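Okay, so here's the structure we're looking at.
Values in this text are rule-based calculations from the coordinates and carry no lab data. All values derive from a computational prediction rather than experimental measurement. We place every Cβ from the backbone using ideal geometry, glycine too, and count neighbours over all the protein chains shown.
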Amino acid sequence: MHDPHLRRRRRPLAASTPSSTPSSSITFFFRAILLLSGLSLLLSTIILPYLILHGADDNGSSSNHVGVSNQLLLRHNSKAVIEAFVKDFEYEKSVLKKGVEELGHEVKEEMKKHGVKIPLFQLSSSTADEQQKNVAENNNFVEKEKRIEGAEEGDHDKETRSKLRHPAAAVASDNNINAHPLPKNVEIDHNDRKGDARSNDTPNNNDNNNHDANKLPTKTSEKPLARGAVAALPLSQTPALEGAQRATIHCENNNGDNDFDASFLAYWNEPQGTRDLEFKSPFVSKEDTEEKYISFEPDRGGWNNIRMTLETIFIIAAASGRTLVLPPDQPLYLLKSDKSKKQRGFADFFPVHSSSFEKSKLKIITTEEFLRREGGKHGRLPIEDDISEKVLKAQNHCEQRLKSDISCMPLYDHLRSVGTVPQLKAGRDCLIFDVEKFNYENITADHEKDVLNFCSGREVTYVKRYDNDPILIHFQTSEKEYRLLSHFYGFVHFTDPAIDNYYKRFVRDYMHYIDPIFCAAGKIIRSLQKESNDRGFTLDHENGGGYSSLHVRRGELQYKKVKISAEEWYENTKDLWEENEILFIATDERNKTFFDPIKEHHDVRFLDDYWDMAGLGDLDPNFMGMIDTIVASRGRIFAGTYFSTFTGYIVRMRGYHGMSMKDSYYGSQKYKNALQEWKPHEGTEFSHEWPSGWIGIDGDTVPSQDKF
């Protein structure tokens, strides 16, 4: 049987034992143990055997050795002896328990004296054996890390690397057992799959597992907080998490009942911690009581380009305390329309109108509401009479075609004319929020150095107090010259690390897809994991893995050099996959025979294979790419397409879940290991995601390779 080990290597556990303890307590503790051991030995080896052999023969054969009266007396005495032993044992047990409690109290006091932190987040579901195993792994962590890194930097030998990472699973493989069986909760029928996926003829190589392979986890008894991809940091280093809770995803059926638990996919906190909920931006003028607005035009690129612009605009609006005006629903590039709805708005994909989003303190209104408030004759930004009819036609739904009766352009022209339009472009400029510069027109030398390093030659634009004066700031982001095609953390920068991390948490905790998207993805992931579990594969601590994944971009991709054949995909990545491992492929390739060279070596699954089982036909067709993203993000190992923003977002999702960059690759041989090392964000680069966007964001310091 192959190695059924899929867990990532663990980080060191928080210290749980002090370097020294009070000697008197330790002496008492061991004396009590020795006393109990001696009493047990005496009872089991001398007295009880004697009583059994010489005074307990129901057939009376013992009368050859003693008389009947003596036999009864002996039985009476043996009962008394046993009762005495039991009484003494209960007394010693109570003394020992008291001693252990006193010892534990003294240990904690000693830990406080020596500055040793007591772990605040311990998994209550772990068993004693698992805890002992964790301690052993912790003791050997540094040495194991060195050996693993050496193996990964070498020839990528799969078996060596796997056994170094998962020694317990390697032993399990040798003994034909599953080292880390899946939790049991819910059954998912995988028989609805359609297409050419080849799972039904695959033998079950895990017959000796001592768990129910037909059941998979859908709920964790104690969900860990989202912790910015830094495991086991104490609360003293992540104060923003105090009071936070891991989010719950609600999967409702037609009757309004929850029929599936997808909360294992929630990488965000809901609610956020107390400090975040009470946070007030220092870039809002206290004396300014009038409501101010930000509006924007959606980027004209693909969905992930649109999403990146949206994240940036949300950050600017939240930091400046302005109400965000969402553009009218409209057809979005590369997103499909269906018969019931041609135009789409951001509320179709993000929970911007939910009660949980209200806690973000970012006010959001529609274009219709904005024009009703400010566009009338008595409003602060009235619409000119000659364009009023065309503007109002476009306030709910519009199209980007100039000749359309509901063209977006008259509306955009109005917003550009009455608002202040920043002359910003992501690849050319960077936007800086610095408290001193905002309030006093000064900046410290350290902050100025930080800004120059962040902007890397781009034009620096500081947010000033007078920037709050305009009633409306309008971003002309549909035009090529003013596109904000960048990750928010690569274009907008806060010189205070605590504030910078706050807004990175803002995006993580609020700018996630709506529940129905995660619910459909969760059903597919559980089905994949059930099938993988039958083959002996297991999950990681975040209920991810069990299978591996790829993103193969075949359609409109400007970077032609990374558009490679299926044979190249397999040859470049074959050392990453385990034997008999299922590969989930997210792709825009409609001709699935393209992947036949990969199918010769691995069972391959696509989104279409789960169409009926996950109820995909009942969903908005535009959800499909987003569902693909989520399913691919939970693979044990992921290999994506270089220069693809779709792949980039998968990498970020994996980072939000705490998955190592060492588990993500590119399919092109030249760039295969580009994600394996920490690199600072390159401000003009938008096609890749960078670890500074998720690592350490629950702390108050700047994440760096040295610290993480």
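Over the residues of segment 549-652, compute the C-alpha Rg and express it relative to 2.2 N^0.38 Å. Spell out each step's value before the answer.
Numbers: Rg = 13.4 Å, N = 104, 2.2 N^0.38 = 12.8 Å.
So segment 549-652 has a normalised radius of gyration of 1.04.
Quick one: which residues, 5+ away or cross-chain, put their amide H under 5 Å from the amide H of SER407? H built at 1.01 Å from N.
Those lying under 5 Å, H to H, from SER407 are GLU399.
Residue by residue, what Karplus-based ³J(HN,Hα) values in Hz, rounded to whole numbers, does segment 420-428 have, using 6.51, -1.76 and 1.60 with θ = phi - 60° and x for Gly and Pro?
These are the phi-based 3J(HN,Hα) values: 8, 9, x, 8, 10, 9, 4, x, 10 Hz.
For ILE364, enumerate residues with amide H under 5 Å from its amide H, sequence gap 5+ or separate chain, H modeled in the peptide plane.
LEU324
Of the listed pairs LYS286/LYS390; LYS425/LYS563; LYS393/LYS560, which have alpha-carbon separations greater than 32 Å here?
Working: LYS286/LYS390 37 Å; LYS425/LYS563 28 Å; LYS393/LYS560 41 Å.
With Cα atoms farther than 32 Å apart: LYS286/LYS390; LYS393/LYS560.
5 Å is the cut-off here: which amide hydrogens, built 1.01 Å from N in the peptide plane, fall below it relative to LEU472, excluding neighbours closer than 5 in sequence?
Distant-sequence amide H within range of LEU472: TYR293, THR420.
Could you order peptides 311-324, 270-283, 573-586 by the average number of other Cβ atoms within 10 Å of their residues, highest first?
Numbers: 311-324: 22.2, 270-283: 17.2, 573-586: 20.3.
Top to bottom by mean Cβ count within 10 Å: 311-324, 573-586, 270-283.
Tell me the label-point distance for the pair GLU441, ARG380, using the 7 Å Cα-to-Cβ offset, in nm and rounded to one decimal.
Going from the GLU441 label point to the ARG380 one covers 2.5 nm.
Would you list the P(r) distribution for segment 255-324, with all Cα-Cα distances sorted into 5 Å bins from 0 and each bin expressed as a whole %?
Result, from short to long distances: 3, 11, 14, 15, 17, 15, 13, 8, 3, 1 percent.
Using 12 Å as the cut-off for backbone N distance, which residues of segment 424-445 belong to the label zone defined by a point 7 Å from the Cα of VAL460 along Cα→Cβ?
Once the point is set 7 Å along Cα→Cβ of VAL460, 430-434, 437, 442-445 turn out to lie under 12 Å by backbone N, inside segment 424-445.
Suppose the chain between LEU452 and ASP496 were pulled fully straight at 0.36 nm per residue; how much longer would it get relative to their current alpha carbon spacing?
On the way: separation 44, 0.36 × 44 = 15.84 nm, distance 1.46 nm.
Additional length available on full extension: 14.4 nm.
Whole percent per 10 Å bin, from 0 to the bin with the longest distance: what is P(r) over all C-alpha pairs of segment 263-381?
The percentages, shortest bin first, are 11, 36, 36, 15, 2, 0.
Under 8 Å for C-alpha pairs, at least 6 residues apart: give me the relative contact order for segment 274-510, rounded to a whole percent.
Over segment 274-510, the number comes to 26 percent.
With θ set to phi - 60° and the Karplus curve 6.51 cos²θ - 1.76 cosθ + 1.60, what are the ³J(HN,Hα) couplings of segment 614-622 in order, to the nearest whole Hz, using x for Gly and Pro?
Once θ is set to phi - 60°, the couplings for segment 614-622 become 8, x, 5, x, 8, 9, 4, x, 6 Hz.
If you plug each phi of segment 361-366 into the Karplus form 6.51 cos²θ - 1.76 cosθ + 1.60 with θ = phi - 60°, what whole-Hz ³J(HN,Hα) values come out, in order, with x for Gly and Pro?
Taking θ as phi minus 60°, the curve returns 6, 8, 7, 10, 9, 7 Hz for segment 361-366.
So what's the net charge close to SER295: Lys and Arg +1, Asp and Glu -1, counting the other residues with Cβ under 10 Å from its Cβ? Don't skip to the answer; put the middle values down first.
Working: positive: ARG322, ARG416; negative: GLU297.
In short, +1.
Assuming R0 = 45 Å, can you tell me the calculated FRET efficiency for the pair LEU402 and GLU568, based on Cβ-Cβ distance, to the nearest 0.05?
Values: r = 43 Å, r/R0 = 0.96.
The pair LEU402/GLU568 has a calculated efficiency of 0.55.
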